[in-house]
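J.: Take a look at this one; I'll ask things after.
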Amino acid sequence: MSKPIRQLMEEKEARELAPQAVQSAQTRGRERTEPECPIRTAFQRDRDRILHAKSFRRLKHKTQVFLSPEGDHYRTRLTHTLEVTQIARTISRALGLNEDLTEAIGLGHDLGHTPFGHAGEAILNEIVPGGFRHYEQSLRVVERLEAGGNGLNLTWEVRDGILKHSKGAGAVFTKQDQGRPATLEGQVVRVSDIIAYVNHDVDDAIRSGLIQATDIPRQVTEALGDSHSARINRLVSDVIHASLNEGLQSITMSTDILKGMLDLRQFLYQSVYSLSIPKQELLKAKKILSDLYYFLVENPESFLSKSRQPGDTVEQTATDFAAGMTDRFAINLYGKLFLPQSWNLF
C-alpha cells in the first residue's frame, strides 16, 4: 500500500528543512487528539482552519490605522495580515524553516483585534475588567470562540506564535522568558509584523496627506532606503543574513538596520498614530465601543445568550462580542440601539 500524501510531505520536510525548523511530524500536538489528515500536514490543516474562520473574514472590515477611510487603497486589518504573512513566508523559505507553520501563525495573529484599530484596543483596555490585549484575544478566538464555541483545535506551535507575536512599542527581539516565541517560525512572524506595519502605515499616511515622504527622518532613509519597496527589501534581506550569520539560533537583525526600523516606528508613533484619527472621531469611536460594551453587560439577554461560553462571566462574553465586531457592524448596531429610527405613519 502506498504511503499517505501527508507522510510523504513529512518525509520531505525531514530531508529539506533546516535542523532548527519545526517539522510537522514533530508538533507538540493539539489540545484535543484527532485523526491525522491523509493529505495535509498538521500545520497545513491549521492554516486552512484559520483561513476559513469567520473571524478571519471579519478582518476585511476592521481598521488598521485610518478610521473608515474613503479611499479603496488604504490597508485594513485583513490586508495587513496578508502582508505580514507574505513577508514571513519569504523569510522562512530563505532560512529553510517551515513555511506552513509560519503561514498559519501569520494568518491568525490578529484574529482578536478590535474594531477601530489600536484605538479600539485602547478603549477596551480602559473599560474591561483586567484590561484587554489583542494577542490574548486572538488566542481566545482560536481556542474557545470559533467553530461554535469549540475552537479550532490548533497545534501548540501555532497557538504559541499567535500569543507571542505582539510587541507594541517594546523590544522586537527578546529572550524566551520575556515573550519570545518558542519556534523560529513564530519569531519570524513577530519581526515580519513590524516590518509590514511600519512600511504600509507610512505608505497610507503619505496617501492620506498626513505626512510627506520628505518628512521621514533622514537617518531612516539612509539606513533603510527612500521607497516602500526598498525599505522592505532591506529589512527582509537583513533579517535573513543576520539570522544565518548567527547560526540560526534565533531570528535577529543587524544593529544598524534594527535601529533604522525602530526610528521609523518612533516616527510613526509621533507623527502618524496620534493624528491618524481626528480627536472628534476618536471620541466618537470611544463612545460607540464603550456604550455598546456597557449595554451588552446590562442587557446580556439581547445579544449574548447564544455566544456565552460555559463558565464565562457576562463581562467576558461582552468583551468577546465587542472585540469581534467590525467597524461598520459597531456603527450600525450603535445606531439601532441609541439613535432614533425613522418610521412611517401610513
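J.: DSSP loop trypsin sites (Lys or Arg not before Pro) in region 10-42 with at most 15 other Cβ atoms within 10 Å of their Cβ, which ones?
T.: 28, 32
J.: Write down the Kirkwood hydrodynamic radius of region 190-268, to one decimal in angstroms, obtained as one divided by the mean of 1/r over all alpha carbon pairs.
T.: 12.8
J.: Okay, moving on. Quantify how much of the Cα-Cα distance distribution of region 90-141 extends past 13 Å, in percent.
T.: 64
J.: Please sort by residue number the trypsin sites (Lys or Arg not before Pro) in region 124-220 whose DSSP state is loop and whose Cβ has at most 13 other Cβ atoms within 10 Å.
T.: In loop regions of region 124-220 (DSSP not H, G, I, E or B), the sparsely surrounded trypsin sites (Lys or Arg not before Pro) are 175.
J.: For the pairs 62/175; 60/287; 54/284, note any where the Cα-Cα span goes beyond 25 Å.
T.: 62/175; 54/284, as the Cα separations exceed 25 Å there.
J.: So which trypsin sites (Lys or Arg not before Pro) in region 282-346 end up in coil per DSSP with only 14 or fewer other C-beta atoms within 10 Å?
T.: Those that pass, being in a loop and sparsely packed, are 306.
J.: Next question. If you build the Cα gyration tensor of region 210-256 and take the root of 5 times each eigenvalue, what three semi-axes come out, in whole angstrom, biggest first?
T.: Ellipsoid half-lengths, sorted descending, are 26, 10, 7 Å.
J.: For region 229-278, take every pair of Cα atoms, bin their distances at 5 Å starting from 0, and report each bin as a whole percent.
T.: Once binned at 5 Å, the Cα pair distances of region 229-278 give 4, 20, 20, 18, 15, 10, 7, 3, 1, 0.
J.: Based solely on C-alpha atoms, express the radius of gyration and the Dmax of region 1-42 in angstrom.
T.: 11.1, 32
J.: About its Cα centre, how strong a charge dipole does the chain have in debye, to the nearest 20, once Lys and Arg get +1 and Asp and Glu get -1 at the Cβ?
T.: 440
J.: Show me, for region 146-157, the HN-Hα J-couplings you get by feeding each phi into the Karplus relation (A = 6.51, B = -1.76, C = 1.60, θ = phi - 60°), rounded to Hz, glycine and proline as x.
T.: Calculated HN-Hα couplings, in order: 5, 6, x, x, 8, x, 8, 6, 7, 5, 4, 5 Hz.
J.: Heavy-atom accessible area per residue, region 198-319, 1.4 Å probe: how many Å²?
T.: Value returned for region 198-319: 53 Å² of accessible area per residue.
J.: Next question, about the same structure. Starting from the Cα gyration tensor of region 117-175, multiply each eigenvalue by 5, take the square root, and state the resulting semi-axes largest first in whole Å.
T.: 21, 18, 8
J.: Mean 1/r over all different Cα pairs, inverted: what Kirkwood radius does the chain give, in Å?
T.: 21.4
J.: Using only DSSP helix segments of four residues or longer, with each worth -39500 (n - 2.57), what per-residue ellipticity at 222 nm results for the chain after dividing by its residue count and rounding to 500?
T.: -17500 deg cm²/dmol
J.: Round to a whole number: what % of the accessible area of the chain belongs to carbon and sulfur, probe 1.4 Å?
T.: Carbon with sulfur: 52 percent of the solvent-accessible area.
J.: GNM, the chain, Cα, under 10 Å: largest mean-square fluctuation among 255, 85, 63?
T.: Most flexible of the set in this elastic network: 255.
J.: Let me ask something additional. With θ set to phi - 60° and the Karplus curve 6.51 cos²θ - 1.76 cosθ + 1.60, what are the ³J(HN,Hα) couplings of region 96-113 in order, to the nearest whole Hz, using x for Gly and Pro?
T.: x, 8, 7, 5, 5, 5, 4, 5, 4, 5, x, 5, x, 5, 10, 4, x, 5
The values are calculated or read from the model by the stated rules, or taken from the named source; none is laboratory data. Computed from a predicted model, the values in this text were never measured in an experiment. All Cβ positions, glycine included, derive from the backbone under ideal geometry; neighbour counts span all protein chains shown. The area values use the complete protein model at the heavy-atom level, side chains included, leaving out ligands, DNA and RNA. Shrake-Rupley method; radii C 1.70, N 1.55, O 1.52, S 1.80 Å.
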